[in-house]
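For reference, the structure is listed below as structure tokens.
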Amino acid sequence: MPSASRRKILAAAAALPGTMVAARALGQVTRSADIASFSKDTREPDMIVPLWPAGSMPGGPVPAVTEAVDDQWDNAGLRYRVAEHVTRPTIAYFAASNPTGAAVLIIPGGGYSRVGIDREGYESARWMNALGVAAFVLRYRLPADRWGDGPVVALQDAQRAMRLIRAGGAGRWKVDPKRVTVMGGSAGGHLALCLSTKVYDRTYSELDAADHLLTRPDGAILLYPVVTLGVGTHVGSRMALLGPNPSPEAIAQWSFDKSIPGITPPILLVHAVHDRVVPVDHSLALFAAVRASGGAIDMHLFEEGAHGLGLRGDPAWPISRWPDLARAWQLRNGLA
């Protein structure tokens with residue numbers, strides 16, 4: 001996006017309702033006292049649920065890869081697991097102790113070549129649980145592994161996950177099917193956006209009663225999402241999703257900076273202006289596209305911040321209070 005256009009959208013965004021541009025002048029903002037604790041918590045999922053019945057997974061042929069988990073610790077001493085070469089997609093279910101009936105499907109990022117587990121995944125699930133929201137963390141197949149169905153395999157997994165959540169897991173959980181949010185960061189934000197816009201795309205053949213249910217989420221929380229695969233894209237995500245020489249048609253099919261269907265659910269958008277991985281222009285373009293479609297979108301831009309921060313942001317950064325903004329947004333939209 002040209003810098004002049006970017007300045008215009010930033011200026012316009014600051015003047016619109018539902019939008020906040022937080023600058024350095026705001027100074028330190030204190031986050032909710034317990035936000036950081038969810039990164040230090042060691043609670044694992046209550047249940048791991050396979051997405052597909054044995055022998056029924058679409059998207060083949062299966063690439064010759066071996067699924068693995070890279071288990072590391074970051075500089076702050078926090079666990080940082082990442083799934084690679086996913087061949088058995090799942091949802092990790094975290095039950096809320098005081099459930100409200102609301103649920104969230106969490107889609108971590110990883111550039112479509114890996115899938116985060118802890119940061120943007122389990123940590124956010126624990127936080128949502130504390131608010132009474134049932135949480136499901138998606139471990140999806142990665143287009144970078146070159147599945148037979150190409151980029152569609154990740155969307156197949158996201159659609160199936162949304163349907164299984166609404167179906168109740170054969171009585172293993174109970175959620176209100178009209179209060180299911182999707183939340184995704186970076187490439188996970190792109191997949192959440194695909195789930196929110198490609199609601200009429202039937203990406204696989206019906207398997208069971210769950211596949212009669214809607215795939216459209218009731219709201220979407222998008223953190224520093226990949227929006228366009230065209231000019232200014234995150235090159236790694238485009239390479240993983242579409243390969244080295246994608247056609248203009250393929251780029252347009254998987255980009256959301258030009259037009260958005262009117263059926264797209266309400267969106268909460270969070271991005272740092274100086275994000276060095278996915279430029280803020282992605283969120284600016286999405287904001288403009290949703291506004292043009294007549295859709296509902298709240299956009300929060302922050303001067304300082306890091307890409308992929310999840311709940312681990314520096315408390316001195318105003319962006320680190322995004323969970324409070326997300327909570328208020330969920331309550332306002334009846335999704336909490």
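We did not get these values from a lab; they are worked out from the coordinates using the rules stated. Nothing here was measured: the structure is a model prediction, and the numbers come from that model. Neighbour counts run over all protein chains shown; Cβ positions are idealised from the backbone, glycine included.
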**Q.** Filter on Lys174/Lys198; Lys40/Lys174; Lys40/Lys198 - keep pairs with C-alpha separation over 32 Å
**A.** Lys40/Lys198
Q | Option label - Cα extents along the principal axes in Å computed here, alternatives (i) 56, 47, 39; (ii) 62, 49, 48; (iii) 60, 46, 35 | A | (i)
Q: Identify, among Gly189, Pro246, Thr90, the residue whose Cα sits farthest towards the positive end of the charge dipole of the chain, taking +1 on the Cβ of Lys and Arg and -1 on the Cβ of Asp and Glu, with the dipole about the Cα centre.
A: Gly189
(Q) Given all pairs of different Cα atoms, what value in angstroms does the Kirkwood hydrodynamic radius of the range 79-186 take? (A) 13.9
Q. What nm distance separates the two modelled labels at Thr66 and Ala54, each placed 7 Å from Cα along Cα→Cβ?
A. 2.3
Q) How much length is gained on full extension from Val235 to Leu213, taking 0.36 nm per residue of separation minus their Cα-Cα distance? A) 4.5 nm
Q) R0 = 45 Å: FRET efficiency of Asn98 with Ala252, Cβ-based, nearest 0.05? A) 0.50
Q: Only Lys, Arg, Asp and Glu count, each charged at its Cβ (+1, +1, -1, -1), so figure out the dipole size of the range 3-332 about its Cα centre, rounded to 20 debye.
A: 560
Q) Considering the range 181-220, what Rg and Dmax in Å follow from its alpha-carbon atoms? A) 11.1, 32
Q: Using 0.36 nm per residue of separation minus the Cα-Cα distance, give me the extension gain between Asn75 and Tyr200 in nm, one decimal.
A: 40.7 nm
Q.
So for each of 315-323, 177-185, 217-225, 327-335 I average, over its residues, the number of other beta carbons within 10 Å; can you give me the resulting order with the highest mean first?
A. 217-225, 177-185, 315-323, 327-335
Q) Computed from the mean reciprocal separation of all distinct C-alpha pairs, what Kirkwood hydrodynamic radius does the range 228-336 have, in Å? A) 15.3
Q) What list do you get for Met128, Met299 if you sort them by fewest beta carbons within 10 Å? A) Met299, Met128
